[in-house]
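First the structure, in the form of structure tokens, and then the observations on it.
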Amino acid sequence: MAEKALVEAIRDAMDDEMGRDEDVFIVGEDVGQRGGVFRATEGLFEKYGGMRVVDSPLAELSIVGVGIGAALYGMKPICEIQFADFIYPAFNQIVSEASKMLYRSDGAWPVPMVIRAPYGGGIGGGLYHSQSIEGFFTHVPGLKVVVPSTPYDAKGLLISAIRDPNPVMYLEPKKGYRLIRGEVPEGEYIVPIGPANITKSGEDLTIFAYGMMHFYALKAAENLEKEGISVEVVDLRTLVPVDKDTILKSVKKTGKALVVHEDNLTGGYGGEIAAIIAEHAFTYLDAPVRRLAGPDVPAVPFSHPMQEWFMVNEDKIMNAARELANY
Amino acid sequence: MAEKALVEAIRDAMDDEMGRDEDVFIVGEDVGQRGGVFRATEGLFEKYGGMRVVDSPLAELSIVGVGIGAALYGMKPICEIQFADFIYPAFNQIVSEASKMLYRSDGAWPVPMVIRAPYGGGIGGGLYHSQSIEGFFTHVPGLKVVVPSTPYDAKGLLISAIRDPNPVMYLEPKKGYRLIRGEVPEGEYIVPIGPANITKSGEDLTIFAYGMMHFYALKAAENLEKEGISVEVVDLRTLVPVDKDTILKSVKKTGKALVVHEDNLTGGYGGEIAAIIAEHAFTYLDAPVRRLAGPDVPAVPFSHPMQEWFMVNEDKIMNAARELANY
Amino acid sequence: MDLSSEVMREMYWMMLLARRLDERAWVLHRQGKIAFHISGIGQEAAQVGAAFALRKGEDWVTPYYRDLALMISLGLTPKEYVLSLMGKAGDPSSGARQTPSHFSLRRVNAVSQSAPVATQCVHASGIGLAIKMKKTNQVVLTTLGEGSTSQGEWYEAVNWAAIHQLPVVFLVQNNQYAISVPPEMQMAVKSVADKACGLGLPGISIDGTDVFGVYKSFLEAFETARSGNGPTLIEAKMYRLTPHSSDDDDRTYRSREEVEEHKKKDPLLLARQVLLEKSVATEAELDTLDKKAKEMITEAVNFGEQAPYPKAEEGMHPVYFEEVQHG
Amino acid sequence: MDLSSEVMREMYWMMLLARRLDERAWVLHRQGKIAFHISGIGQEAAQVGAAFALRKGEDWVTPYYRDLALMISLGLTPKEYVLSLMGKAGDPSSGARQTPSHFSLRRVNAVSQSAPVATQCVHASGIGLAIKMKKTNQVVLTTLGEGSTSQGEWYEAVNWAAIHQLPVVFLVQNNQYAISVPPEMQMAVKSVADKACGLGLPGISIDGTDVFGVYKSFLEAFETARSGNGPTLIEAKMYRLTPHSSDDDDRTYRSREEVEEHKKKDPLLLARQVLLEKSVATEAELDTLDKKAKEMITEAVNFGEQAPYPKAEEGMHPVYFEEVQHG
Ligand SMILES: Cc1ncc(C[n+]2csc(CCOP(=O)(O)OP(=O)(O)O)c2C)c(N)n1
Ligand SMILES: Cc1ncc(C[n+]2csc(CCOP(=O)(O)OP(=O)(O)O)c2C)c(N)n1
Ligand SMILES: [Mg+2]
Ligand SMILES: [Mg+2]
């Protein structure tokens, strides 16, 4: 099995699925000859041609809206949004159209499509190349939301997403594109949409995270182990539909929950997880459910000191976990 | 003091402020001669003319974007979105622009504007004339979010919103436009943005609600009183910035919290309130924090039985409160 | 190209049936038997003319809410329409989830429309792209009102079709109003057809009250599209003979005289005159048709009144494809 | 209208200063002293020509990220620019919150721009509306790239200006690429100026490499706007002589020969030739200017390197106006 970077696993998944199924195509800005600004589609234009790797006009709502139309016809579009920060022009097409189409037609019109978007900060991108967007899209019934944190999951989840008969938002922790490496099998395999993954077992508290934050959480947990704090780590992987069972089982075991994301705190996805725990594991809790998240400022500032101030990282996770363990 | 309907109080606030300050103007679809599809701007076109009550083209992003431009220049636009359901085309202008402008310019460019949007279901509006949108907009640092539930607050909060130097989203529970009536003073007064309002004092549990749900919660609480259940009701009024103090004080007193909204449950604003309570009032809680919200389907269906199934109402609130009281 | 008498009669019949059904809807609304109606009265010629130029069941349509005559021409039955008017089970458009006239009919490739205007045009371009990829010789018809061309969504949709020479025909039904707002407040060009030159596709403006003339124009445009020569923008000029919807009071923004004046150019009367002049039908025959239409509609209304409402819990599904009941 | 020698020299100076500053930014990037650069090299003539036709400090500008020469002409100093390049405290555009070249300069009415393209054009129309309301004789200049005219936002902005005859001039800097995508993939018209006819305003296409010609065109357009005769769309044709940004590798999508060919039409060289031909300046004088520019820039870079970073906690503010430090 080859070791690959996250972005390579993503490319593999698209390449494989396009090879297997000629209804799968890619549409987005600079996905063609340029191979995507993060090189996620590198080589695919050369391999599959401009009718299957389509450079769109600079207009996100049309990327998604045209994708929806093609999906209604029976195709399986993969819509690439260049940076998650630029998805808002397409908000109406995602929220009003893709996600409501099946329900509003009483099941007549499924929309099998994937929306891929690189997200997250810590890469010097400033306010508009660093944003997390899951706080919005996990509030959209009809849409599934997936965030891989390992190359293995990235490939398996993307294949699942492409084959899923529903619209799936597939968020890519872009800081990890080349930083996160791991074993990726050749060829076809699936990581199902839905189940969370317990990536480290522990006794004293559970950290819930996803994407880059899961990467850091795991490192934090390993360090804390040496301090004698036994941390369980759950990689949520699928944010919608959320895997309540795994979450509750883990909290019921450890009695303490730390929910981590880099998105802004208020109204973020962590509130949902905290609320689920507070409601359904109340009698098992030995401490308040703690959220560690990005501060409530518009987005990640550019200048290094302010960026570091904004970003959740290994240290901040360790501090929060220590505090919670000592509660 | 005259008794007025909610929509009249809203109109009064705009009329008064436009009379006092000629930088205030209204822009939106059919706000002119038509007086707005809900008649909220009735008579204002005749009084102030087409340059201050501007019929926009049918294009929401331009309503907000043009409003932002005018606000940058020093005007105080009131942007009307005809139905909250149609705000998504303007999502980019609200989230990327209005809300981030001050921060991204290090304070140089404030955006004093109001975005008014009638929201909510139970009026036979079906999927696209019934939506609640606060779940999205309470996750946007830089934006304030206000929801009145009485005519008195409606006028006082709207005057505050118009005078506020920040972008304020002012959500109008449209089912209550004519249904909710109450005393409204003539002339100038203010209800400050920020503080929640304890509208009924009680001992056994607290219901947190806003808009129509507050209207029902209050009725439910009054009924429950007769059953011997003493319910405290908090009208949140301002969703962002949230009044943590009032929330926590109340929960610490009653030990039980029921959070109610008609927006979809998952990722909704209730998760934030529940998470705040779970984190900061943990040791005071005598029961799990309970959320009662719209189900996780795309929006309110049209046909009456399904609409009623969707909507949170007095009965459902009473049932949830009873259960919680008996925990 | 000369139309056979049979086809001319058929076209007249569709206009007539749609008209009588639409008129009955207004009556049902006044009787309190339906909650909402949005009308296509005055727009039948454009719709029927376009529909007859399509290959029914093979070509695709993304319609809008005034397209009753279009849908009837494609095969929507009065019974089906009445079910949706009444929010009854079996409504093929949405299973009574959407407000009436938000059409969908999978069996004839008529895609579900939502309420946010112009979104359907982007889907049409996506369907057109899929057709181009699949190299079939289908075409797509998409329709909307002139006010809705103010949306960026429309612009982006047309832009895609023009760049990629997609087989899409954009029908703009210019009925002189967007609720209360006239075209001069929507656009600075004299005709919607003028917008085509800025987007690089042919644009024509036609008399939307002459069903037979409309037919010819669409036959040409579809032929162009079918043979790979790209999209066409067609503005059909007409007049909205009714208030915007059953919620509207159009006396606030237009005079009765203006409306009466336009009734003289009622497309149904004009078509009737042509049939008589060309001796395609006699007065008596046409009166018989009228009787037949009314009978069918009365039967449909009775059928609708007997039909059950959806069960409340049907509102729960299908949010995701996995929940769709098959068979 | 003949330009005085002094003004011509001044225009050349601004182009030169911007060019040398821009070139230095690329060097700083290669040296690892700055994290990111996005360049205006090749676009200076259009920007300086437009800027000189403005009434500096009185008129308004909503610029875009390649407008270094425009901003320098308006009074942004090299020191200020270097602060933003380096993410240092005192950056007047954003206090180092945004990535470099996302300009804002309140003292000359240059509004803060974000990264999502075309949003600034809508603000320009809003500012234009405010100017019309206030009956001043100011004008607004808004700029963007040709690819960005694919956004619905741009269309809606221009539509507003055309309908209301607002004093806005839309400058489209057509540099032949949107990252990797050529104009043929963005639009089906031959020139961006052609888009004007569909929107009902005058549109012209000019040589964007001839600074003095550009100046004349803008003087006219601003005069038209100032006298209440409405907006103009100006396409300035040019070539992006650098990669899209410091993150781009343009060899993946265009040949070196193509780039070299266009260097012959470098607008700075062309301006220099004109000055020499018209004997407005001697070679020696121009070389002295060059030396002066380099000295100023070296001084600015030294200044920037000495300047402190913002403190980490400065990232906390100002989210709301209440937090703005006054004075
Ligand atoms: C995005 C959006 N904004 C607002 C509305 C409310 N609305 C419904 S129809 C309409 C007017 C449409 O006018 P036009 O496009 O001319 O079509 P017509 O109704 O005249 O056929 C408006 C404003 C909507 N449906 N969608
Ligand atoms: C809404 C949005 N989508 C995508 C991007 C990423 N992006 C930045 S610049 C650019 C190309 C812009 O091309 P053009 O408008 O021609 O301007 P140029 O850079 O050539 O001056 C893209 C796609 C963005 N900034 N905003
Ligand atoms: Mg119309
Ligand atoms: Mg360009």
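The values are calculated or read from the model by the stated rules, or taken from the named source; none is laboratory data. A quick note: this is a predicted structure, and the numbers were derived from the prediction, not measured. Cβ atoms come from the backbone with ideal geometry, glycine included; neighbour counts cover every protein chain shown.
The table for this structure:
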quantity: Options D:Ser39, D:Ser94: the member that is within 29 Å of D:Ala130 (Cα to Cα), hydroxyl-bearing (Ser, Thr, Tyr) and touching a helix residue (DSSP H, G or I) at 6+ places or on another chain (Cβ under 7 Å); calculated: D:Ser94
quantity: Some residue of segment C:155-164 being surrounded by fewer than 24 Cβ atoms within 10 Å (Cβ to Cβ) and either within 16 Å of ligand 3 (Cβ to nearest atom) or at pLDDT below 95 (or both); calculated: no
quantity: Residue satisfying condition, being at negative phi, away from ligand 3 (no atom under 16 Å from the Cβ) and within 14 Å of chain B (Cβ to nearest Cβ), within set C:Val319, C:Val301; calculated: C:Val319
quantity: Residue within segment D:280-295 that is in a helix (DSSP H, G or I) and in contact with a Ser or Thr (Cβ under 8 Å, 6 or more places away or on another chain) present; calculated: no
quantity: Output for segment C:102-137, where each listed residue is more than 20 Å from C:Glu58 (Cβ to Cβ), in a loop (DSSP other than H, G, I, E, B) and of a type in the set (Val, Ile, Thr); calculated: C:Val117
quantity: Those residues of segment C:157-181 which are within 16 Å of ligand 2 (Cβ to nearest atom) and in contact with an Asp or Glu (Cβ under 9 Å, 6 or more places away or on another chain), in sequence order; calculated: C:Ile163
quantity: Subset tally (residues that are farther than 17 Å from D:Tyr253 by Cβ and within 10 Å of another protein chain (Cβ to nearest Cβ)) for segment D:183-198; calculated: 11
quantity: Members of segment B:43-98 that are out of contact with any helix residue (DSSP H, G or I) (no Cβ under 8 Å at 6 or more places or on another chain) and more than 24 Å from C:Pro182 (Cβ to Cβ); calculated: B:Ala84
quantity: Test: residue in segment D:134-144 that is under 21 Å from C:Trp160 (Cβ atoms), surrounded by fewer than 24 Cβ atoms within 10 Å (Cβ to Cβ) and either within 17 Å of the chain's Cα centre (by Cα) or polar (S, T, N, Q) (or both); calculated: no
quantity: Only listed residue being more than 16 Å from ligand 1 (Cβ to nearest atom) and closer than 29 Å to D:Val158 by Cβ, chosen from D:Lys294, D:Lys265; calculated: D:Lys265
quantity: Segment B:30-52 residues that are without any contact (Cβ under 8 Å) to a residue 24 or more places away in the chain and under 15 Å from B:Ile78 (Cβ atoms), paired with ones that are within 14 Å of ligand 1 (Cβ to nearest atom) and among the aliphatic types (A, V, I, L, M) (beta carbon under 9 Å, 6 or more apart); calculated: B:Gly32/C:Val181; B:Gly32/C:Met185; B:Phe45/B:Val31
quantity: Within segment A:244-269, tally of residues that are touching a residue at least 40 places away in the same chain (Cβ under 8 Å) and within 22 Å of B:Gly135 (Cα to Cα); calculated: 9
quantity: Total residues in segment D:55-101, condition of a type outside the set (D, E, K, R), outside any loop (DSSP other than H, G, I, E, B) and touching a residue at least 24 places away in the same chain (Cβ under 8 Å); calculated: 16
quantity: Failed criterion for C:His29 (all others in (1) touching a strand residue (DSSP E or B) at 6+ places or on another chain (Cβ under 7 Å); (2) touching a residue at least 40 places away in the same chain (Cβ under 8 Å) hold); calculated: (1)
quantity: Output for segment D:29-53, where each listed residue is touching a Gly at 6+ places or on another chain (Cβ under 9 Å), part of a helix (DSSP H, G or I) and aliphatic (A, V, I, L, M); calculated: D:Ala45, D:Ala46
quantity: Residue count for segment B:236-255, restricted to those that are in contact with a Phe, Trp or Tyr (Cβ under 7 Å, 6 or more places away or on another chain), within 16 Å of B:Ala321 (Cβ to Cβ) and not aliphatic (A, V, I, L, M); calculated: 1
quantity: B:Asp286, sole failed condition from (1) under 20 Å from the mean Cα position of the chain (by Cα); (2) part of a loop (DSSP other than H, G, I, E, B); calculated: (1)
quantity: Output for segment D:222-253, where each listed residue is under 17 Å from the mean Cα position of the chain (by Cα) and either within 10 Å of D:Ala46 (Cα to Cα) or surrounded by 24 or more Cβ atoms within 10 Å (Cβ to Cβ) (or both); calculated: D:Leu233, D:Ile234, D:Glu235, D:Ala236, D:Lys237, D:Met238, D:Arg240
quantity: Residue count, segment D:171-187 (criterion: closer than 20 Å to C:Ser150 by Cα and either within 16 Å of ligand 3 (Cβ to nearest atom) or surrounded by 24 or more Cβ atoms within 10 Å (Cβ to Cβ) (or both)); calculated: 1
quantity: Verdict on D:Thr77 being more than 16 Å from ligand 4 (Cβ to nearest atom) and crowded, with 24+ Cβ neighbours inside 10 Å; calculated: no
quantity: Filter result for B:Glu262 (under 18 Å from the mean Cα position of the chain (by Cα) and part of a strand (DSSP E or B)); calculated: yes
quantity: Members of segment B:1-40 that are among the basic types (Lys, Arg) and more than 19 Å from B:Val191 (Cβ to Cβ); calculated: B:Arg34, B:Arg39
quantity: Residues located in segment B:25-49, provided they are within 11 Å of chain D (Cβ to nearest Cβ) and either within 28 Å of B:Tyr152 (Cβ to Cβ) or of a type in the set (Lys, Arg) (or both); calculated: B:Phe25, B:Val27
quantity: Some residue of segment B:61-74 being over 21 Å from D:Ala162 (Cα atoms) and away from ligand 2 (no atom under 16 Å from the Cβ); calculated: yes
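Rundown of residues vs (1) within 8 Å of another protein chain (Cβ to nearest Cβ); (2) under 28 Å from B:Phe83 (Cα atoms); (3) among the aromatic types (Phe, Trp, Tyr); (4) within 16 Å of ligand 1 (Cβ to nearest atom), yes/no style:
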residue	(1), (2), (3), (4)
C:Gly147	yes, yes, no, yes
C:Tyr155	yes, yes, yes, yes
C:Leu166	no, no, no, no
C:Val169	no, no, no, no
C:Val172	no, yes, no, yes
C:Gln176	no, yes, no, yes
C:Val181	yes, yes, no, yes
C:Leu201	yes, no, no, no
